[in-house]
1. Considering only residues that are surrounded by 19 or more Cβ atoms within 10 Å (Cβ to Cβ) and either in a loop (DSSP other than H, G, I, E, B) or in contact with a helix residue (DSSP H, G or I) (Cβ under 8 Å, 6 or more places away or on another chain) (or both), which ones fall in the stretch 13-23?
2. Taking residue 37, is it touching a helix residue (DSSP H, G or I) at 6+ places or on another chain (Cβ under 9 Å) and outside any strand (DSSP E or B)?
3. Given the conditions (1) touching a helix residue (DSSP H, G or I) at 6+ places or on another chain (Cβ under 6 Å); (2) modelled with pLDDT under 95; (3) buried (at least 16 other Cβ atoms within 10 Å of the Cβ), report the number of the one that residue 263 does not fulfil.
4. Can you pull out the residues in the stretch 112-124 that are crowded, with 17+ Cβ neighbours inside 10 Å and either over 14 Å from residue 176 (Cα atoms) or under 14 Å from the mean Cα position of the chain (by Cα) (or both)?
5. Is it the case, given these coordinates, that residue 83 is closer than 21 Å to residue 207 by Cβ and surrounded by fewer than 19 Cβ atoms within 10 Å (Cβ to Cβ)?
6. Among the residues of the stretch 150-195 satisfying the criterion of being out of contact with any strand residue (DSSP E or B) (no Cβ under 8 Å at 6 or more places or on another chain) and in contact (Cβ under 8 Å) with a residue 60 or more places away in the chain, which is farthest from residue 241 (Cα to Cα)?
7. Given the criteria in contact (Cβ under 8 Å) with a residue 40 or more places away in the chain and within 22 Å of residue 278 (Cα to Cα), does residue 67 qualify?
8. Given the structure, is residue 88 touching a helix residue (DSSP H, G or I) at 6+ places or on another chain (Cβ under 8 Å), surrounded by fewer than 23 Cβ atoms within 10 Å (Cβ to Cβ), within 26 Å of residue 275 (Cα to Cα) and in the same structural domain as residue 242 (by TED's automatic domain parsing)?
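The values are calculated or read from the model by the stated rules, or taken from the named source; none is laboratory data. Small disclaimer: the values here were computed from a predicted structure and weren't measured. A quick note on method: Cβ atoms are made from the backbone with ideal geometry, for glycine too, and the neighbour counts reach across all protein chains shown.
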């Protein structure tokens, strides 16, 4: 949803914008190209590998940018380390949530059951707890709660108990081991969606604290945005979208933000055909209340 994102963000020369989920820099490159002269892009990602690859892409665009390593709920802390005030720091802010295509497609990252690899799922491999280590020590009740809450999986209890039985025999350390265990328990029976999909999503969210990070970041948005500043969030499952919708609604009611005229969009059929992963995407956007260019 690149065109829709750019239309809502409306980057202009001289502005400062944050891409809080930089990935490979696709969105960032287009934003950066519209900020010169005089503007600056800040790109943030928790995956050091993504930062390195995005830097090469942005170098080819030209313009001022700087990259930060961390989660988007820590924007204020990261700016403080650079001796930059986070108050009214940005004219635009983008969060493109979830796992990136690069992470999904590489078996060694352990996000997908489509290719066998280590059961990792960490967006930042510098963090200690992988999916395998979480599964090895989490109580069965906690596993069931995570799968039920973050995967909205009706068979959560059954799957958690099967995982517990399986790990008693031997550690579950690969994506194939986990997906096979679930598929034996909950057969496809002609369904298009693999029976392990919701469980993998749930464990990934738990390991990376995705919803906690998102909630914390959304609660702080009013501090970071200049009056008239645009915020765009792309979400890919109902839990994310529900949280974004609720916080945006509350902030509009409080008078901190106003609704963006293009504030709710879904991908076109053409985009879904060319990029099937976009089919569940939801774009939501709001604007910081106050006159653009004012200090209050």
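1. Let us first name the residues in the stretch 13-23 that are surrounded by 19 or more Cβ atoms within 10 Å (Cβ to Cβ), namely 15-23.
Scanning the stretch 13-23 gives 15, 17, 18, 19, 20, 21, 22, 23.
2. Details: touching a helix residue (DSSP H, G or I) at 6+ places or on another chain (Cβ under 9 Å): no; outside any strand (DSSP E or B): yes.
Here the answer is no, as residue 37 does not meet what is asked.
3. (1)
4. Of all residues in the stretch 112-124, those crowded, with 17+ Cβ neighbours inside 10 Å come to 112-113, 117, 119-123.
Passing the criteria: 121, 122, 123.
5. On the way: closer than 21 Å to residue 207 by Cβ: no; surrounded by fewer than 19 Cβ atoms within 10 Å (Cβ to Cβ): yes.
Considered against the rule, which asks whether it is closer than 21 Å to residue 207 by Cβ and surrounded by fewer than 19 Cβ atoms within 10 Å (Cβ to Cβ), residue 83 comes out as no.
6. First, the residues of the stretch 150-195 that are out of contact with any strand residue (DSSP E or B) (no Cβ under 8 Å at 6 or more places or on another chain): 150-172, 176-195.
Right, trim to in contact (Cβ under 8 Å) with a residue 60 or more places away in the chain and you get 150, 152, 176, 178-179, 194.
Numbers: 150: 13, 152: 14, 176: 29, 178: 27, 179: 26, 194: 22 Å.
The residue in question is 176.
7. On the way: in contact (Cβ under 8 Å) with a residue 40 or more places away in the chain: yes; within 22 Å of residue 278 (Cα to Cα): no.
So residue 67 fails the test.
8. On the way: touching a helix residue (DSSP H, G or I) at 6+ places or on another chain (Cβ under 8 Å): yes; surrounded by fewer than 23 Cβ atoms within 10 Å (Cβ to Cβ): yes; within 26 Å of residue 275 (Cα to Cα): no; in the same structural domain as residue 242 (by TED's automatic domain parsing): yes.
Considered against the rule, which asks whether it is touching a helix residue (DSSP H, G or I) at 6+ places or on another chain (Cβ under 8 Å), surrounded by fewer than 23 Cβ atoms within 10 Å (Cβ to Cβ), within 26 Å of residue 275 (Cα to Cα) and in the same structural domain as residue 242 (by TED's automatic domain parsing), residue 88 comes out as no.
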